[in-house]
Amino acid sequence: MNFAADYQIDEHEKKIIFQRVRRALKVRLTNLAHLCLDDYENELFINYGNALFEYKNVHEEMQYLQGKRAEHGKTSLRVFFEGLVLESQV
């Protein structure tokens, strides 16, 4: 998919959009990690944690929030959008 051509934007605008999406995903990852710390068996975490963020990244974010790790969990646009596509097909 050629995002810039499909949506008729230049590369600079594409970078801006992707950065905004990354920032929004980072907030969601942090919120999901907090939710998991409070209720590890929460259905939202079980259903979406791995599909949209990969469990490893949620776990790393949880460790960061607990002070056990110096770096946040990572977000991946590719993994997130692939997860959305898979969830929409269910």
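Could you report the chain's accessible area per residue, 1.4 Å probe, as an integer in Å²?
72
May I ask you to evaluate 6.51 cos²θ - 1.76 cosθ + 1.60, the Karplus curve with θ = phi - 60°, for each residue of segment 65-74 and list the ³J(HN,Hα) values in order in whole Hz, giving x for glycine and proline?
Running phi through 6.51 cos²θ - 1.76 cosθ + 1.60 with θ = phi - 60° gives 5, 8, x, 8, 9, 7, 10, 6, x, 9 Hz.
Summarise the long-distance tail of P(r) for segment 9-53 by giving the % of C-alpha pairs beyond 17 Å.
Within segment 9-53, distances greater than 17 Å cover 43 percent of Cα pairs.
Expressed as a whole percentage, what fraction of the accessible surface of segment 36-90 belongs to carbon and sulfur atoms when a 1.4 Å probe is rolled over the protein heavy atoms?
51
At residue 87 and residue 28, where each label point lies 7 Å from the Cα along Cα→Cβ, what is the point-to-point distance in nanometres?
Spacing of the two 7 Å Cα→Cβ label points: 0.6 nm.
Note down, for the chain, the three equivalent ellipsoid semi-axes (square root of 5 times each alpha carbon gyration tensor eigenvalue), biggest first, whole angstrom.
27, 17, 9
Any idea of residue 18's accessible area? Nearest 10 Å², probe 1.4 Å.
50
To make sure I understand the rule: partners must be aspartates and glutamates, Cα under 15 Å from the Cα of residue 56, and not fewer than 8 residues away in the same chain. Which ones qualify?
In chain and number order, the partners are 71.
Tally Lys/Arg at +1 and Asp/Glu at -1 over every other residue whose Cβ is under 14 Å from the Cβ of residue 6; what's the total?
-2
Return the calculated 222 nm mean residue ellipticity for the chain, to the nearest 500 deg cm²/dmol, obtained by summing -39500 (n - 2.57) across DSSP H runs with n ≥ 4 and dividing by the residue count.
So the calculated ellipticity at 222 nm is -20000 deg cm²/dmol.
Need the full-extension length gain, residue 66 to residue 17, defined as separation in residues times 0.36 nm minus the C-alpha distance. One decimal, nm.
Stretched fully, the residue 66-residue 17 segment lengthens by 14.6 nm.
The values are calculated or read from the model by the stated rules, or taken from the named source; none is laboratory data. As the structure is a computational prediction, the values presented were derived from the model and not from experiment. Because the Cβ atoms are built from the backbone with ideal geometry, glycine has one as well, and the counts that use them run over all protein chains shown. When the accessible area is computed, the model is the full protein with side chains, heavy atoms only, and any ligands, DNA or RNA have been set aside. Shrake-Rupley method; radii C 1.70, N 1.55, O 1.52, S 1.80 Å.
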